[in-house]
1. Working only within region 103-126, note down all residues that are open to solvent by 30 Å² or more (accessible area, probe 1.4 Å) and either of a type in the set (Asp, Glu) or under 21 Å from Leu53 (Cβ atoms) (or both).
2. Considering only region 84-132, how many residues are hydroxyl-bearing (Ser, Thr, Tyr) and more than 16 Å from Phe64 (Cβ to Cβ)?
3. Specify which of the listed residues (Glu54, Glu46, Glu32) is surrounded by 19 or more Cβ atoms within 10 Å (Cβ to Cβ), out of contact with any Phe, Trp or Tyr (no Cβ under 8 Å at 6 or more places or on another chain) and not hydrophobic (A, V, I, L, M, F, W, C).
4. Among the residues of region 97-111, is there at least one that is closer than 27 Å to Lys41 by Cβ and of a type in the set (Gly, Ala, Ser)?
5. Can you tell me which residue is farthest from Lys28 (Cα to Cα) among those in region 52-89 that are basic (Lys, Arg) and over 12 Å from the mean Cα position of the chain (by Cα)?
Amino acid sequence: MKALVLTAGILFAVSSLQAQLQSSKERKLVREGNKMYQSGKYSDAETQYRKGLEESKSSVTSTFNLGDALYKQGKYSEAESQFQNLSSQKIDKKTMAEVYHNLGNTCMKAEKYQESVDAYKKSLLNNPDDNET
């Protein structure tokens, strides 16, 4: 019985450490992507954000930033997909407002005007004080 408890404890510790390492790798990739994004290297930033998602498939930050990088490259359909993905997740209202705001911008560029208006409305429901939206 002691061996079973010890084995379970070791497995838990190893899986916890592995999750922390993945999270650390993902954060590093996002930081690298952010530097590239700020330098206007949107394609390179996209690559880093995609690598971040490989490390942590449910990363809100990697997904959001990937959507932004795709938008900057004019890949509106792909950007819309990233923001739509985030809109179905449980995230805080401020971030959700930003997701819907960016979704609205993306739909506007893709000439999907009603979808754009709907996204902006959802953004304002999450953050009524957002004057930019």
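The values are calculated or read from the model by the stated rules, or taken from the named source; none is laboratory data. What you see is a predicted model, and the numbers here were worked out from it, not measured in a lab. Positions of Cβ are generated from backbone atoms using ideal geometry, with glycine treated the same way; all protein chains shown enter the neighbour counts. Just so you know, the surface numbers come from the protein's heavy atoms only, side chains and all, with ligands and any DNA or RNA stripped out. Shrake-Rupley method; radii C 1.70, N 1.55, O 1.52, S 1.80 Å.
1. Filtering region 103-126 for residues open to solvent by 30 Å² or more (accessible area, probe 1.4 Å) gives 105, 108-115, 117-118, 120-122, 124-126.
Residues satisfying the conditions are Glu111, Glu115, Asp118.
2. Here is the first cut: in region 84-132, the ones hydroxyl-bearing (Ser, Thr, Tyr) are 87-88, 95, 100, 106, 113, 116, 120, 123.
Now restrict to residues that are more than 16 Å from Phe64 (Cβ to Cβ): 113, 116, 120.
Final tally of qualifying residues: 3.
3. On the way: Glu54 fails: surrounded by 19 or more Cβ atoms within 10 Å (Cβ to Cβ); Glu32 fails: surrounded by 19 or more Cβ atoms within 10 Å (Cβ to Cβ).
Matching residue, one of Glu54, Glu46, Glu32: Glu46.
4. Yes, region 97-111 contains a residue that is closer than 27 Å to Lys41 by Cβ and of a type in the set (Gly, Ala, Ser).
5. Lys75
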